[in-house]
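Right, one structure below, let's go through it.
The values are calculated or read from the model by the stated rules, or taken from the named source; none is laboratory data. Values in this document were obtained by computation on a predicted structure and should not be read as measured data. In this analysis, Cβ positions are derived from the backbone assuming ideal geometry, glycine residues included, and neighbour counts consider all displayed protein chains.
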Amino acid sequence: MAETSDDASLSEGGPEPRLMRALQLARELLPGDSSYGDPLSTSGSDARALVARRLGEAATERPGILKQAGLTALQVWEVVAHGTGGKLGDDRLAIVFTDLVGFSDWALEAGDDISLELLREVAGAIEPPVTAHRGEVVKRLGDGMMAVFGDADEAAAAVFEARERLEDVEVAGYRPRMRAGMHVGTPRRLADDYLGVDVNVAARVAEGASGGEFLVSGDALDELDPELVSSRKKHRFRAKGVPSDVTAYSLRSKR
């Protein structure tokens, strides 16, 4: 049986495999995440993520080439939209986690309606300082949040302000107490989230804080202005899943 022109294009050395290789090479050389298009990188709800998921699901006559070409364009679009300069994991960021101490036990007694009322009040108190200090709320985590900042001093100022604003929150006789943790590093951004060891360190530092305490890692402390804050080493800090040399310091504002 004679080979058709379509069969020939799919055979090794035909135009389609060469074009696919060229597109894959272009994705490696272009700025951005060359793996953009996988479930992790397209998990967001913005236009780029939706289009990328559609490309992955689309059934066309030549899906491989069209998908790769489309994802190549979206890869660059992602860089332009987030202003990463084409380098993933190279931007040094202050990563902050917060949560409410004892909230889960209180919520079991208070019930869903009152708990939701409290969480709305808490969000209204702690999230505005994040944006006011040029930060970004990455995600809300039940009774807490994750945020990133381009400057450690701004991040610390946001936490101190959030904690002060939280003192005015009271629902059904309950006054929430916030603990927070901060680490500085170079996390990998995927879609609307950040991943990597530095994110884990920040989360574990936050878990090591007590009610009303703000803990920072040694790396974060190194980038803070000593004229603005004072610190005390937390000698009993132990955290699983982070490098053994990570240290933690309890932070206070001098203002």
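A quick yes/no check of all residues on (1) within 20 Å of the chain's Cα centre (by Cα); (2) modelled with pLDDT of 95 or more:
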| position | (1), (2) |
| --- | --- |
| A172 | no, no |
| P187 | yes, no |
| A202 | yes, yes |
| V216 | yes, yes |
| V229 | no, yes |
| V242 | yes, no |
| T247 | no, no |
| S253 | no, yes |
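When you check A220 against the structure, is it outside any strand (DSSP E or B), touching an Asp or Glu at 6+ places or on another chain (Cβ under 9 Å), among the hydrophobic types (A, V, I, L, M, F, W, C) and buried (at least 24 other Cβ atoms within 10 Å of the Cβ), yes or no?
Details: outside any strand (DSSP E or B): yes; touching an Asp or Glu at 6+ places or on another chain (Cβ under 9 Å): no; among the hydrophobic types (A, V, I, L, M, F, W, C): yes; buried (at least 24 other Cβ atoms within 10 Å of the Cβ): yes.
Considered against the rule, which asks whether it is outside any strand (DSSP E or B), touching an Asp or Glu at 6+ places or on another chain (Cβ under 9 Å), among the hydrophobic types (A, V, I, L, M, F, W, C) and buried (at least 24 other Cβ atoms within 10 Å of the Cβ), A220 comes out as no.
Strands (runs of 3 or more DSSP E) wholly in segment 87-185 with at least 1 residues that are crowded, with 21+ Cβ neighbours inside 10 Å and among the polar types (S, T, N, Q) - which ones?
Working: elements: 93-100, 135-141, 144-149, 178-185.
Ranges flagged: 93-100.
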